[in-house]
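Q: Pasting a structure below so you can have a look.
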């Protein structure tokens, strides 16, 4: 559950929401174009963006912010699409009574791990990309945490999920855990491990149950091995 390494996420049909709703405000046009460039594995060049938008570089900086700021907005726009796609895919296959959070999280991890455009960014500009993706005050991480917290609250209301800690803290832990495994090659020179991320996130959401004053761990996800 995070915003990641390697195959491109499905591009939603049609133009971005801001365009579909009519001509967007000028700064949003810059964000939409920057997101399209990132999606297409093009380096975010401010002069090139300004030229395509038909404005000066100075105007682009003044209206859309620095390159780092614009990259953050572009990555959040793409991340929002990933969250919507993950939720839709799980909802289409979710068995009756199954929680929303773990299944949506697995689809999120899969989309992130297969994203060719994100892998390109991590390879070309690892420090900047990680900073934008994992900044606890940035738009991407805070947005993903809020999305997961909302899923947890929906599972609590609809299915009686009782998490060990309050939803916002659990959502933050799930996102940070996902980042650690999906960006492992950049963070710690280790191979990204989607299966382990899925397994541990599943355990955090569903696998702790009271048992004579202790907590025992159980995995409901097929193929997930928990060491007792």
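The values are calculated or read from the model by the stated rules, or taken from the named source; none is laboratory data. Keep in mind that what you see is a predicted model, and the values were worked out from it rather than measured. Methodologically, a virtual Cβ is constructed for each residue, glycine included, from the backbone with ideal geometry; neighbour enumeration extends over all protein chains shown.
Q: If I filter segment 38-56 down to residues being under 18 Å from the mean Cα position of the chain (by Cα) and buried (at least 17 other Cβ atoms within 10 Å of the Cβ), which single residue comes out as farthest from residue 67 (Cα to Cα)?
A: Across segment 38-56, the extreme among qualifying residues is 39.
Q: Exactly one condition in (1) under 25 Å from residue 89 (Cα atoms); (2) touching a helix residue (DSSP H, G or I) at 6+ places or on another chain (Cβ under 7 Å); (3) in a helix (DSSP H, G or I) is not met by residue 161; state its number.
A: The single condition residue 161 does not satisfy is (3).
Q: Looking at this structure, is residue 71 on the phi < 0 side of the Ramachandran plot, buried (at least 17 other Cβ atoms within 10 Å of the Cβ) and assigned to a helix (DSSP H, G or I)?
A: Taking the combined requirement at face value, the residue satisfies it.
Q: Shifting gears a bit: Pairs please, first residue from segment 25-45 and at positive phi, second anywhere and assigned to a helix (DSSP H, G or I) and surrounded by 14 or more Cβ atoms within 10 Å (Cβ to Cβ), Cβ atoms under 7 Å, 6+ apart in sequence or on different chains.
A: Final answer for the pair search is 41/116; 41/117; 41/120.
Q: Pick out the one residue from 197, 96 that is surrounded by 19 or more Cβ atoms within 10 Å (Cβ to Cβ) and modelled with pLDDT under 95.
A: 197
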